[in-house]
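The structure appears right after this line, and notes come after that.
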Amino acid sequence: MDETIRTAAISPLRQRLIDEMSMRRFSRETQRNYIRDVGRFATFLGRSPDTATADDVRRFQIEQRDASMPTPTMNSMCRRCGSSSPTRSTGPT
């Protein structure tokens, strides 16, 4: 069963993220969570998340902490946002 999250009009970046998650066999719920969290990060940035720097992710993490986000939730959200670009390396080099 290969179901992919698709909507009528989405950005090329979002489509690449969805394709990457599908290729890695992420569950629909995991894909939904990633898209939600990257959307929150994009709203925080006020621009596309693929333009984010490590400093931007750090500022987002601080804002989430200040908003009393539970630490495990905040950490997983920031990990997702730090790897939101499918072209960005997320592993050791």
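The values are calculated or read from the model by the stated rules, or taken from the named source; none is laboratory data. Since the model is a prediction, treat every value here as computed from it, not as a measurement. Ideal geometry is used to build each Cβ from the backbone, glycine not excepted, and the neighbour counts take in all protein chains shown.
Here are a few things to note about the model shown:
- Qualifying residue in the range 17-35 (condition: modelled with pLDDT under 90, exposed (fewer than 12 other Cβ atoms within 10 Å of the Cβ) and polar (S, T, N, Q)): no
- When the residues of the range 36-65 are filtered to those that are outside any helix (DSSP H, G or I) and touching a residue at least 24 places away in the same chain (Cβ under 8 Å), the one that is nearest to I10 (Cα to Cα) is S48.
- Taking every residue in the range 11-35 that is touching a residue at least 40 places away in the same chain (Cβ under 8 Å) and pairing it with any residue that is surrounded by fewer than 16 Cβ atoms within 10 Å (Cβ to Cβ) and in a helix (DSSP H, G or I), at least 6 positions away or on another chain, the pairs with Cβ-Cβ distances below 9 Å are N33/S76.
- Any hit, the range 66-77, residues being surrounded by fewer than 17 Cβ atoms within 10 Å (Cβ to Cβ), modelled with pLDDT of 90 or more, part of a helix (DSSP H, G or I) and not hydrophobic (A, V, I, L, M, F, W, C): yes
- Top-ranked residue in the range 11-26 [being assigned to a helix (DSSP H, G or I) and in contact with a helix residue (DSSP H, G or I) (Cβ under 8 Å, 6 or more places away or on another chain); ranked as farthest from C81 (Cα to Cα)]: S22
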